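Each remark here refers to the structure printed beneath this line.
The values are calculated or read from the model by the stated rules, or taken from the named source; none is laboratory data. Treat the numbers as computed from the prediction; the structure is a model and nothing was measured. Neighbour counts run over all protein chains shown; Cβ positions are idealised from the backbone, glycine included. These area figures cover heavy atoms from the full protein model, side chains too; ligands, DNA and RNA do not enter into them. Shrake-Rupley method; radii C 1.70, N 1.55, O 1.52, S 1.80 Å.
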Amino acid sequence: MNLPGSGASTPPDATALLELAVDVAREAAELVAAGRASAGDSVDVKSSPVDVVTAVDKASEKLIVERLLGARPDDGLLGEEGASRTGTSGVRWLVDPIDGTVNFLYDLPAYAVSIAAEVDGAVVAGAVLNVATGELFTASTGGGANLSSPSRPGSRRLTGSRPASLAQTLVATGFGYREEQRRAQGAVVARLLPRVRDIRRFGSAALDLCAVAAGRLDAYYELDLNPWDHAAGALVAAEAGIVVTGLPGRPFAEPMAIAAASSIAAPFVELVAELHQ
Ligand code: LIP
């Protein structure tokens, strides 16, 4: 979709921003899928020996940046692999070229291209495309959350799940890349496990948040995520009626990201707070 090429970007309209995010995510997903077999050929490390980035992550980000700023030259952008630009249009893109890079490296089918558009600091449109399955999660403010998948025609409106109690709640979480952080996070999981139905660790915050929106999980929490990890997925969850919040008195993802089905959100937030005292 070509926006008017007048040099000045058109005023931000959430639906138009979402369409652009989807178009670009689809193209980036093709590149990522084509690079899967050679993912291990070129791997660098970032914050720790287990925090990796592949040449495909970098190529995906380069393509996404070119497409988004090609269509909207006055926008800002922040990408996981270093792309950073201050715009003049009031729109900023939050880009994770491959969320779940370790899964990508191991060919575990849970890695996604995640693109979100923020207007004046608020996320208004988001697309998360699971490259391995082709499932596309989308949302725009007030427009609801939807899932379209290659195996089903059309798209499905997402409304989350309704677990009866905390003990019946299926929880996902994630861990950082630093040893001492992982030790602390492991200790929290040990205390959480007897209090909920079970735990899942899928390895992609963007897909975890979308799974809560789709009712495939009842709740998710994770510490110290970056804006590109959660921006699009958190909007999908919120537009599906999921409670998206931080610890009591704290904003979402500062530092705790919590997404929970409304039927258990209050006791779940309390429990996560208790375990992180
Ligand atoms: C990943 C997150 C995941 C977290 C991992 C990692 P990446 O992002 O999506 O939730 O547990 O440690 O941060 O690095 O694959 O883009």
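Just so you know, in region 54-64 the residues that are open to solvent by less than 30 Å² (accessible area, probe 1.4 Å) and farther than 9 Å from I98 by Cα include one that is nearest to the chain's Cα centre (by Cα), and it is I64.
Give region 227-256 a look and list any residue that's under 22 Å from A83 (Cβ atoms), within 14 Å of the ligand (Cβ to nearest atom) and of a type outside the set (D, E, K, R), or say none. Write out each step before concluding.
Restricting attention to region 227-256, the residues satisfying the condition of being under 22 Å from A83 (Cβ atoms) are 227-235, 253.
Now drop any that are not within 14 Å of the ligand (Cβ to nearest atom), which leaves 227-234, 253.
Result: P227, W228, H230, A231, A232, G233, A234, A253.
Just checking, does region 107-115 include any residue being touching a residue at least 40 places away in the same chain (Cβ under 8 Å), out of contact with any Leu (no Cβ under 8 Å at 6 or more places or on another chain), more than 26 Å from D75 (Cα to Cα) and surrounded by fewer than 18 Cβ atoms within 10 Å (Cβ to Cβ)? Yes, because at least one residue in region 107-115 is touching a residue at least 40 places away in the same chain (Cβ under 8 Å), out of contact with any Leu (no Cβ under 8 Å at 6 or more places or on another chain), more than 26 Å from D75 (Cα to Cα) and surrounded by fewer than 18 Cβ atoms within 10 Å (Cβ to Cβ).
Among the candidates A214, A127, which residue alone is touching a Leu at 6+ places or on another chain (Cβ under 8 Å), of a type in the set (A, V, I, L, M, F, W, C) and more than 30 Å from S47 (Cα to Cα)?
On the way: A127 fails: more than 30 Å from S47 (Cα to Cα).
After applying the criteria, what remains is A214.
Cβ-Cβ contacts under 9 Å between residues 6 or more apart (or on different chains), taken from a first residue in region 22-43 that is touching a residue at least 12 places away in the same chain (Cβ under 8 Å) to a second residue that is of a type in the set (S, T, N, Q) and assigned to a helix (DSSP H, G or I), are listed as A28/S60; A29/S60; L31/S60; V32/S60; G35/S60; A39/T101. Give the residue that is nearest to the ligand (Cβ to nearest atom), with candidates limited to residues of region 73-86 that are in a loop (DSSP other than H, G, I, E, B) and either within 18 Å of the chain's Cα centre (by Cα) or free of Cβ contacts under 8 Å to residues at least 40 places away in the same chain (or both). Among those residues, the one meeting the criterion is E80. Looking at E180, E239, E274, just one residue is modelled with pLDDT of 95 or more, within 19 Å of S47 (Cβ to Cβ), open to solvent by 10 Å² or more (accessible area, probe 1.4 Å) and among the acidic types (D, E), and that residue is E180.
Could you list, in sequence order, the residues of region 106-115 that are assigned to a loop (DSSP other than H, G, I, E, B) and over 12 Å from the mean Cα position of the chain (by Cα)? Scanning region 106-115 gives D107, L108, P109. One residue stands out among those in region 143-159 that are at pLDDT 95 or above and out of contact with any strand residue (DSSP E or B) (no Cβ under 7 Å at 6 or more places or on another chain): the one that is most open to solvent (accessible area, probe 1.4 Å), which is T159.
Within region 242-271, the residues that satisfy the criterion of being closer than 20 Å to A190 by Cα, surrounded by fewer than 22 Cβ atoms within 10 Å (Cβ to Cβ) and in contact (Cβ under 8 Å) with a residue 40 or more places away in the chain are P267, L271.
Residues are listed down the side, and each one gets a yes or a no for (1) under 15 Å from the mean Cα position of the chain (by Cα); (2) within 16 Å of the ligand (Cβ to nearest atom):
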residue	(1), (2)
R197	no, no
L207	yes, yes
C210	yes, yes
A214	yes, no
E222	yes, yes
A261	no, no
